[in-house]
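The values are calculated or read from the model by the stated rules, or taken from the named source; none is laboratory data. Not measured: the values here are computed from a predicted model. Cβ placement follows ideal geometry from the backbone for every residue including glycine, while neighbour counts extend to all protein chains displayed.
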Amino acid sequence: MEYKDLRRYQYEKIIQILCQYNNIDENDIIPLLRDKECKYLLLLLLKSNKCTDEVILEEIMSLKTKTSIQYNFKKAEEKLYVNKDFREKYFEIQRIIKEII
């Protein structure tokens with residue numbers, strides 16, 4: 001398996017785990033991205049697993065610019081620091097990802 005394919009697999013696996021956690025069909029990622037909390041969780045999980053390739057992020061999340069990607073990362077980190085429930089969800093999903101990947 002090529003490095004590029006391996007990276008793509010990691011992105012897809014993280015999305016799959018987050019969809020399963022939220023009881024969303026993994027083929028229909030739109031509801032996941034409409035919910036800001038889910039979108040921010042996805043970004044933080046991708047970042048913590050070194051999946052921050054901007055080209056792939058733009059493709060997956062329909063983000064238009066590098067600036068919008070950075071802005072969303074910043075908002076996600078702020079939410080992680082401020083919201084206890086969000087933080088608990090993040091660490092729970094991160095633990096599941098570490099077990100699988």
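Go through Ser68, Ser62 for me and flag whichever is on the phi > 0 side of the Ramachandran plot and of a type outside the set (Val, Ile, Thr). I'd like the intermediate steps shown before the answer.
Working: Ser68 fails: on the phi > 0 side of the Ramachandran plot.
The unique qualifying residue is Ser62.
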Checklist entry - What's the number of the condition Asn23 fails, among (1) assigned to a helix (DSSP H, G or I); (2) surrounded by fewer than 18 Cβ atoms within 10 Å (Cβ to Cβ)? => result (1)
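From the list Ile93, Ile97, Ile101, Ile14, pick out the single residue that is at pLDDT 85 or above and either surrounded by fewer than 17 Cβ atoms within 10 Å (Cβ to Cβ) or in contact with a Ser or Thr (Cβ under 9 Å, 6 or more places away or on another chain) (or both). If you could, list the steps in order and put the result at the bottom.
Working: Ile93 fails: either surrounded by fewer than 17 Cβ atoms within 10 Å (Cβ to Cβ) or in contact with a Ser or Thr (Cβ under 9 Å, 6 or more places away or on another chain) (or both); Ile101 fails: at pLDDT 85 or above; Ile14 fails: either surrounded by fewer than 17 Cβ atoms within 10 Å (Cβ to Cβ) or in contact with a Ser or Thr (Cβ under 9 Å, 6 or more places away or on another chain) (or both).
Result of the check over Ile93, Ile97, Ile101, Ile14: Ile97.
Could you list, in sequence order, the residues of the stretch 57-78 that are in a helix (DSSP H, G or I) and surrounded by fewer than 17 Cβ atoms within 10 Å (Cβ to Cβ)?
Within the stretch 57-78, Glu58, Glu59, Lys66, Thr67, Ser68, Gln70, Tyr71, Lys74, Lys75, Glu77, Glu78 qualify.
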Item to check | Subset of the stretch 37-56 (residues that are surrounded by 12 or more Cβ atoms within 10 Å (Cβ to Cβ) and free of Cβ contacts under 8 Å to residues at least 24 places away in the same chain) | outcome: Cys38, Thr52, Glu54
